[in-house]
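Heads up, the thing below is written out as structure tokens.
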Amino acid sequence: MQPTNRSRRILLPVKLWFIWFSLIVALGLNFVPTGRLPAVPDFVALVLAFWCIREPLRIGMGSAFVFGLLVDIGHGAAMGQHALSYVVLVYLASALSRRMLWFPPLLQALHLLPVLLLAQALMVLARLLAGAEFPGWWYFLSSFSGAALWTPLTFLLLLPQYQPVDRDDNRPI
């Protein structure tokens, strides 16, 4: 048997306030004016997908719908386009959650890439039905940059759960 470099540490339960705090920070990052940069990821979609994979009983379609409406209001987009895509994203992430947790974060990102692409395709479809122009194929680069950010995002969002409740130098975990 080959030794692995994967951590065998036991994670503490996630605090509900931390889930909501990370979603609000992601919402703030989505509202940063970036102009028309094509590769800026949808941070709310990434954090929603992360928490739906890790905690599918705490974050679901209701919170995805609310955050989708908030993103629609903040961007001045067609009302409901982000809400629809986030609900589909959360549904698929929750359906894949048990499977994805068996893989390391790099392979999780490969599983998540088609889900992110589908969510963006739904947003484009909603825009086209509302009468907007096709944004171009560069628009879909943000799904690839979101998948590339999956590994650091996983590390960052799991960091508070690695902290021991009481520090004991004799305890190996």
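Taken together, the values in this text are just the output of simple stated rules run on the coordinates, not laboratory data. The shown structure was predicted, so the numbers you read here are calculated from the model rather than taken from an experiment. All Cβ positions, glycine included, derive from the backbone under ideal geometry; neighbour counts span all protein chains shown.
For this structure, a couple of remarks:
- Largest first and in whole Å, the equivalent-ellipsoid semi-axes of the chain read 32, 17, 14, each the square root of five times a Cα gyration tensor eigenvalue.
- Mean Cα-pair separation over length for the stretch 66-173, i.e. relative contact order, pairs under 8 Å, 6 or more apart, %: 24
- Inter-label distance, PHE31 to VAL66: 1.6 nm, where each label sits 7 Å from its Cα along the C-beta direction.
- Positive-end extreme of charge dipole, the stretch 65-173 - chosen from PRO152, GLY76, GLN108 (charges on Cβ): GLN108
- Relative contact order of the stretch 1-147: 27 percent, from C-alpha pairs under 8 Å at least 6 residues apart in sequence.
- Stretchable slack from LEU106 to ALA148, in nm (0.36 nm times residue separation minus alpha-carbon distance): 14.3 nm
- When the stretch 3-160 is described by a simple charge dipole with +1 on each Lys and Arg Cβ and -1 on each Asp and Glu Cβ, the residue from LEU118, LEU27, VAL14 located farthest towards its positive end is VAL14.
- Environment charge of GLN120, counting only residues whose C-beta is closer than 12 Å and scoring Lys/Arg +1, Asp/Glu -1: 0
- Per-pair calculated FRET efficiency, R0 = 35 Å: LEU159 and PHE134 via Cβ, rounded to 0.05: 0.35
- With loop membership from DSSP and a limit of 12 other Cβ atoms within 10 Å, the longest segment of the chain without trypsin sites (Lys or Arg not before Pro) is 37-166.
- Only Lys, Arg, Asp and Glu carry charge here, each on its Cβ (+1 for the first two, -1 for the last two); on that basis the chain has a dipole of about 440 debye about its Cα centre.
- Order of ILE73, ILE19 under a 10 Å beta carbon neighbour criterion, fewest first: ILE73, ILE19
- Ratio of Rg to Rh for the stretch 45-143: 0.99 [Cα atoms; Kirkwood radius as inverse mean 1/r over pairs].
- Remark: the stretch 25-34, residue by residue, has Karplus-estimated 3J(HN,Hα) of 5, 5, 5, x, 5, 5, 8, 5, x, 10 Hz, where x stands for each Gly or Pro and the curve is 6.51 cos²θ - 1.76 cosθ + 1.60 at θ = phi - 60°.
- A cut-off under 12 angstrom between Cβ atoms defines the neighbours of ALA93, and their net charge, with Lys, Arg +1 and Asp, Glu -1, is +2.
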